[in-house]
Ligand code: C2O
Ligand code: CU
Ligand code: CU
């Protein structure tokens, strides 16, 4: 029998009645926005279920330098929509997977066992990780019970792949700043469908510097994984794969630009609600959608605006907080923000909305502010100075490279080339900084493995309002360019950079680089 676990107990999704969409949500789709893939299953009304918080994974053992973890990748049947079961691919039976919490500089070792029916590869996104543990898309874990002679789609013939049978142990030195990282599947050609089925989770890194700041913590430090999904009539995830048998990668023609679902999930629950006190909360926002770009706002805005006080980006704390009314977030980007709910009157219901959505995808989640007349004492604060961010100097770059991210007759390509394992498009020297100029024909959120970068220019001008701090993913807009400075510090070997629109990635908008 398959191991079954239900999120219902923790997520409380059982509370949702099978009510159809409210009239408001059925308002016509805004013209000009791409239509999402429509669910055949009836969707619940928004704001019926509490926000689930993924459980923190406990180490199986710890010693002076290292924490050891074990995760089993397995099929699980989740209760996401009322009255229906969704068969998911999960890390340890839950979606999102369990949250790993590490200390900067302490080694984290994770053994993944693959009880799924297909090969997987695990990448720690944002991790500064040696190549043999980076989850390169061809370094697969074949399912338990397969043999090395098993035939499967997109086997790497470069001779560089290192496949493991059943299990693989990843070692993360985590010699890096406190930051919100996440782990997800990265199998060549099939990251889109694998992540869509549930293979994603948070991995938080803490350090002393962050801990000395008076930021909200504990129950008021909340990871929010935002995704979109569509469902078939029986509650299964609906992914428009060109070959549902996983014989070849890619999606049907209509979804070439990226799959868009009509249901927004936060931490795996549709349009959930979080009860908050009138205090500051730290929200670690992650856009984990396959291809959906978000523009998040609180509605209503508090008096005076600037509700979203950004304290961190992909690579950890900013030097100084940046105040926003709205946040533009492309897939894989993280924004760490503090929201002070004391700025709202008791009992206010504050929706987190997506201004780039329409109908069901314009709603994300809701914060229900406590009705208590007096706000509890809040001893947290957002200091004016958070950290030190050394500026990389682009004039010192040892190499300047230009990468064109474009759709061609060969599909989604970088410099005209679809991904081929072993063909490196750059060979940066460790200890040097490089300037990469990225030119785009579409929205391409570009992600570089191994080292974080700084956005130093957009279209030859200043960086944008969302570019502060250390980044590992930058959204380059259609017909635009961005310049990033990357310092390659240590770990030689084969790494990856790619578009993080997972459909573009699977359809080959990816390349190796080799550090030396
Ligand atoms: Cu989040 Cu190479 O990926
Ligand atoms: Cu990555
Ligand atoms: Cu892309």
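The rows are residues; the columns are (1) free of Cβ contacts under 8 Å to residues at least 24 places away in the same chain; (2) within 16 Å of ligand 2 (Cβ to nearest atom); (3) in contact with a strand residue (DSSP E or B) (Cβ under 6 Å, 6 or more places away or on another chain).
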{"position": "408", "(1), (2), (3)": "yes, no, no"}
{"position": "422", "(1), (2), (3)": "no, no, no"}
{"position": "429", "(1), (2), (3)": "no, no, no"}
{"position": "436", "(1), (2), (3)": "no, yes, yes"}
{"position": "442", "(1), (2), (3)": "no, no, no"}
{"position": "447", "(1), (2), (3)": "no, yes, yes"}
{"position": "456", "(1), (2), (3)": "no, no, yes"}
{"position": "463", "(1), (2), (3)": "yes, no, yes"}
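Among the conditions (1) more than 16 Å from ligand 2 (Cβ to nearest atom); (2) touching a residue at least 40 places away in the same chain (Cβ under 8 Å); (3) in the same structural domain as residue 93 (by TED's automatic domain parsing); (4) part of a loop (DSSP other than H, G, I, E, B), residue 176 misses just one, which is (1).
When segment 364-404 is filtered for residues that are loosely packed, with under 13 Cβ neighbours inside 10 Å and within 30 Å of residue 45 (Cα to Cα), the ones remaining, listed by number, are 371, 372, 373. Under the condition of being assigned to a loop (DSSP other than H, G, I, E, B) and either within 15 Å of ligand 1 (Cβ to nearest atom) or outside the structural domain of residue 73 (by TED's automatic domain parsing) (or both), the residues counted in segment 112-129 number 5. Residue 193 satisfies every condition listed in (1) under 16 Å from the mean Cα position of the chain (by Cα); (2) assigned to a loop (DSSP other than H, G, I, E, B) except (2). Give the number of residues within segment 286-336 that are closer than 28 Å to residue 259 by Cα and not in a strand (DSSP E or B). Going through segment 286-336 one residue at a time, the tally reaches 13. From the list 134, 139, the one residue that fits, being free of Cβ contacts under 8 Å to residues at least 60 places away in the same chain, within 16 Å of ligand 2 (Cβ to nearest atom), outside the structural domain of residue 495 (by TED's automatic domain parsing) and surrounded by 23 or more Cβ atoms within 10 Å (Cβ to Cβ), is 139. Evaluated against (1) buried (at least 16 other Cβ atoms within 10 Å of the Cβ); (2) within 16 Å of ligand 3 (Cβ to nearest atom), residue 433 falls short on exactly one condition, (2).
Based on what the data block shows, is residue 48 part of a loop (DSSP other than H, G, I, E, B) and under 17 Å from residue 197 (Cβ atoms)? Before the answer, list the steps.
Details: part of a loop (DSSP other than H, G, I, E, B): yes; under 17 Å from residue 197 (Cβ atoms): no.
When the stated conditions are applied, residue 48 does not pass them.
Rundown of residues vs (1) within 16 Å of ligand 3 (Cβ to nearest atom); (2) over 24 Å from residue 131 (Cα atoms); (3) at pLDDT below 95, yes/no style:
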site	(1), (2), (3)
152	no, no, yes
164	no, no, no
168	no, no, no
186	yes, no, no
199	no, no, no
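With respect to (1) part of a strand (DSSP E or B); (2) surrounded by 20 or more Cβ atoms within 10 Å (Cβ to Cβ), the lone exception for residue 428 is condition (1). Among the residues of segment 496-504, is any under 23 Å from the mean Cα position of the chain (by Cα), modelled with pLDDT of 95 or more, within 23 Å of residue 172 (Cβ to Cβ) and away from ligand 3 (no atom under 16 Å from the Cβ)? No, segment 496-504 has no match at all.
Kindly evaluate residue 467 against the criterion of being assigned to a strand (DSSP E or B), closer than 22 Å to residue 286 by Cβ and more than 13 Å from ligand 2 (Cβ to nearest atom). Judged against the criteria, residue 467 is not a match. Reported count of residues in segment 432-459, each being outside any strand (DSSP E or B), away from ligand 1 (no atom under 16 Å from the Cβ) and modelled with pLDDT of 95 or more, is 1.
Restricting attention to segment 441-450, and to residues there that are crowded, with 22+ Cβ neighbours inside 10 Å and farther than 20 Å from residue 392 by Cβ, which single residue is nearest to ligand 3 (Cβ to nearest atom)? Of everything passing the filter in segment 441-450, 444 is nearest to ligand 3 (Cβ to nearest atom).
The values are calculated or read from the model by the stated rules, or taken from the named source; none is laboratory data. From a predicted model like this one, the values you see are computed outputs, not experimental measurements. Cβ coordinates were reconstructed from backbone atoms using ideal geometry, including for glycine residues, and neighbour counts include every protein chain displayed.
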